[in-house]
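Working notes for the structure below.
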């Protein structure tokens, strides 16, 4: 790992593709419900970062791969840390939908 690797941001386009290509993976949108309603990556499930403590209702198996996004990446990073603290093993913040270039559901 190079010095600047720790500063690189996740690429949401690569992350969304990796999630779609991984059977059983969950794409978790941690924005607020009104943001989710305005547009989301197809197949995403919404659980606001404010309610991340309730994630077991959405993802009961803590070994399930979970790809997390928000608008800019900050809330997704926070959700990833919270989920890891709860014992989730395969979680990854993939950044923000603001950089997403694929199809969007409304």
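Just to check your reading of the model, which residue among 14, 61 is part of a loop (DSSP other than H, G, I, E, B) and exposed (fewer than 15 other Cβ atoms within 10 Å of the Cβ)?
Details: 14 fails: part of a loop (DSSP other than H, G, I, E, B).
When all the criteria are applied, what remains is 61.
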Revision key, fill the gap. Those residues of the range 64-106 which are part of a helix (DSSP H, G or I) and either under 11 Å from residue 15 (Cβ atoms) or under 10 Å from the mean Cα position of the chain (by Cα) (or both) amount to 75, 76, 77, 79, 80, 97, 99
Review point. If you check every pair at least six apart or on different chains, which have Cβ atoms under 7 Å apart with a residue in the range 33-45 that is crowded, with 19+ Cβ neighbours inside 10 Å first and a residue that is in a loop (DSSP other than H, G, I, E, B) and at pLDDT 95 or above second?
Key: 40/104; 41/100; 41/102; 41/104
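Going by what's in this entry, would residue 42 be described as modelled with pLDDT under 95 and in contact with a strand residue (DSSP E or B) (Cβ under 6 Å, 6 or more places away or on another chain)? So that I can check it myself, show each step before the final result.
Details: modelled with pLDDT under 95: no; in contact with a strand residue (DSSP E or B) (Cβ under 6 Å, 6 or more places away or on another chain): yes.
No: the conditions fail for residue 42.
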Exercise for review: For the range 75-106, enumerate the residues that are without any contact (Cβ under 8 Å) to a residue 60 or more places away in the chain, farther than 17 Å from residue 40 by Cβ and touching a strand residue (DSSP E or B) at 6+ places or on another chain (Cβ under 8 Å).
Suggested key: 77, 80, 83, 84, 88, 90, 91
Exercise for review: Find the residue count for the range 31-54, including only residues that are over 12 Å from the mean Cα position of the chain (by Cα) and part of a helix (DSSP H, G or I).
Suggested key: 10
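The values are calculated or read from the model by the stated rules, or taken from the named source; none is laboratory data. Computed from a prediction, not measured in an experiment: that's the story for all the values here. FYI the Cβ positions are ideal-geometry reconstructions off the backbone, even for glycines, and counts take in every protein chain you see.
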